[in-house]
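The values are calculated or read from the model by the stated rules, or taken from the named source; none is laboratory data. Since the structure is predicted, the reported quantities are computational estimates derived from the model, not experimental observations. In this analysis, Cβ positions are derived from the backbone assuming ideal geometry, glycine residues included, and neighbour counts consider all displayed protein chains. With ligands, DNA and RNA removed, areas are computed over all heavy atoms of the protein, side chains included. Shrake-Rupley method; radii C 1.70, N 1.55, O 1.52, S 1.80 Å.
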Amino acid sequence: MILYACLVRLQDGLPLSASTDFHPNMQILECKRWVKRLSVTLSQRPPKGTTNICNFHIHFLSSGDISSLVVCSSTYPSAAAFSFLEELLWEFSASYNSTAITLASRPYAFLEFDSVIQRVKHNYNSAGSSPPVRLDPSPPPVYLKLEDIGEVNGFANGHVTAQVRTGLNCRMSPVSPLGILSMMLSIMCAALSLIRGVHLAEHSFQDGYENTGRVVAFLTAFSASISQCYLYLFCSPARTEKALGLVLVICLCNVYLYGLRNVWQILFHASVAFLLAQQIVQRKPLDRHSDGGV
């Protein structure tokens, strides 16, 4: 008998609709997992094929931009299974146009089609020993081995193969109270630099741009302080080198501004920059395997 059926988008294997039967049998659940693996590679397969898993058969049939797949018992006639798949494709194509299928962005966007799947499945399962079969002039189905299905999709013999990932781990360790304090002080220093820079720029426009260098120094110090806050909050390559470079920029800008800022103000800005740089260096990315497999 027919146990499970689904329809997927041929281009990327996105599931469009499926029968919602509950099967506690572990072998059937394993078949469903293989159906998902197979569906993402159907665009690379012949339009018609079959494979065996445990005591069950998986058949698939592709037409246009959709494919239908079915899990049935090993004693169920293959001709009837493909006739069932053909009828599902015809019913689905009559209910939804190609534009709706192409624009589908979430799995099971046409889950209401399950009622049609259940009706057609009931007709084929209740036919007894002689289920309805349509004359099919197409070539016979191609038989696929499990190894062929698994290797294409990154699996081997039902197990996920190890893949090397060089991408950056963007999860960071939790922020510390001292880190929050240093970041707030850095934001305050950035605000002071911005206010002084904008105020000095207004006077420079009136006095012939003689203080342009100092305006640039104030705005550069502002940008460096904000960049330090970004480095502390978010993961970035070469964080240590960037943090030290920003400290150097802030110190040089404040030394250049000597006269507009006294020694104590310069020491305060430099100390805040050093403190936040220390917190940036101490806050490490989380280990990739610390997610618990999520």
- Item | Selected residue (criterion: surrounded by the fewest Cβ atoms within 10 Å (Cβ to Cβ)) from residues of segment 215-225 that are over 20 Å from Ser271 (Cβ atoms) and either modelled with pLDDT under 85 or touching a Ser or Thr at 6+ places or on another chain (Cβ under 8 Å) (or both) | Leu219
- Is it fair to say Arg288 is surrounded by 17 or more Cβ atoms within 10 Å (Cβ to Cβ) and modelled with pLDDT under 90? no
- Message: Suppose the filter is closer than 21 Å to Leu260 by Cβ and open to solvent by 60 Å² or more (accessible area, probe 1.4 Å); does Leu178 pass it?
- Response: no
- Only listed residue being closer than 16 Å to Tyr124 by Cβ, hydroxyl-bearing (Ser, Thr, Tyr) and at pLDDT below 90, chosen from Thr75, Thr102, Thr51, Thr41: Thr75
- Message: If I filter segment 226-242 for residues that are modelled with pLDDT under 90, in a loop (DSSP other than H, G, I, E, B), over 21 Å from Gln278 (Cα atoms) and open to solvent by less than 70 Å² (accessible area, probe 1.4 Å), do I get at least one hit?
- Response: no
- Can you pull out the residues in segment 95-109 that are touching a helix residue (DSSP H, G or I) at 6+ places or on another chain (Cβ under 9 Å), within 11 Å of Arg9 (Cβ to Cβ) and either open to solvent by less than 20 Å² (accessible area, probe 1.4 Å) or assigned to a helix (DSSP H, G or I) (or both)? Ile101
- Matching residues in segment 13-35 - criterion: being open to solvent by 70 Å² or more (accessible area, probe 1.4 Å) and closer than 21 Å to Ser93 by Cα: Thr20
- Message: Test of understanding: among Gly49, Gly13, which residue is farther than 17 Å from Ile117 by Cβ, under 29 Å from the mean Cα position of the chain (by Cα) and of a type outside the set (Val, Ile, Thr)?
- Response: Gly13
- Considering only residues of segment 248-258 that are within 15 Å of Ser193 (Cα to Cα) and not aromatic (Phe, Trp, Tyr), which is surrounded by the fewest Cβ atoms within 10 Å (Cβ to Cβ)? Val255
- Item | Residue satisfying condition, being closer than 18 Å to Ile187 by Cβ, at pLDDT 90 or above, within 37 Å of the chain's Cα centre (by Cα) and surrounded by fewer than 19 Cβ atoms within 10 Å (Cβ to Cβ), within set Phe274, Phe268 | Phe274
